[in-house]
Amino acid sequence: MNKYELLFIISATTPDDQKEAIVSKVTSFIEKNAGTVDAVDKWGMKKFAYPINFKNEGYYVLVNFTIEPSKIAELDNMMYVNENIVRQMFVKKEN
């Protein structure tokens, strides 16, 4: 089991209840796959450094968690197909 940090951006036009549903979907995926969520930090709305898909801001969420390395690709694919997620980035942390 490795420790990871996930930063993802939800589209600013997404309603608040759907933003919460996306965050809970990510955390439940981690927990269902024998992982543990250490912390969820919702940064809120932030401006982008440059426009992404003709948008200038998004809702940032930082998740610290532990999971098997093989499950990262599945989580990445799940997030990639979600049209409300603008970007996601995984970083493996030192143990």
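Over region 1-93, the alpha carbon radius of gyration divided by the compact-protein estimate 2.2 N^0.38 Å works out to 1.05.
Which percent of the accessible area of the chain is formed by carbon and sulfur heavy atoms (probe 1.4 angstrom)?
Of all accessible area on the chain, carbon and sulfur atoms account for 50 percent.
Extending 7 Å from Cα along the Cβ direction at residue 24 and again at residue 72 yields two label points whose distance is 2.8 nm. Using a simple spin-label model with pseudo-atoms 7 Å out from Cα toward Cβ, residue 5 and residue 36 lie 1.9 nm apart.
Accessible area per residue for the chain is 61 Å², calculated with a 1.4 Å probe on protein heavy atoms, without ligands, DNA or RNA.
Of the residues 75, 36, 91, the one whose Cα sits farthest toward the positive end of the charge dipole of the chain, with +1 on the Cβ of Lys and Arg and -1 on the Cβ of Asp and Glu, is 91. An oblate overall shape is assigned to region 1-49, the ratio a/c of its alpha-carbon gyration tensor axes (a ≥ b ≥ c) being 1.5 or greater and a/b not exceeding b/c. Relative to the Cα centre, the charge distribution of the chain, modelled as +1 at Lys and Arg Cβ and -1 at Asp and Glu Cβ, gives a dipole magnitude of about 220 debye. Across region 1-25, the residues whose backbone nitrogen lies under 12 Å from the label position 7 Å along the beta-carbon direction of residue 64 are 3-6. Can you flag which of 55/93; 47/92; 19/55 are past 28 Å Cα-Cα? Beyond 28 Å: 55/93.
The values are calculated or read from the model by the stated rules, or taken from the named source; none is laboratory data. Note that the structure is predicted; figures quoted are calculated from it, not measured. Neighbour counts run over all protein chains shown; Cβ positions are idealised from the backbone, glycine included. Each accessible area value is taken on the protein alone, full model and side chains, heavy atoms only, with ligands, DNA and RNA left out. Shrake-Rupley method; radii C 1.70, N 1.55, O 1.52, S 1.80 Å.
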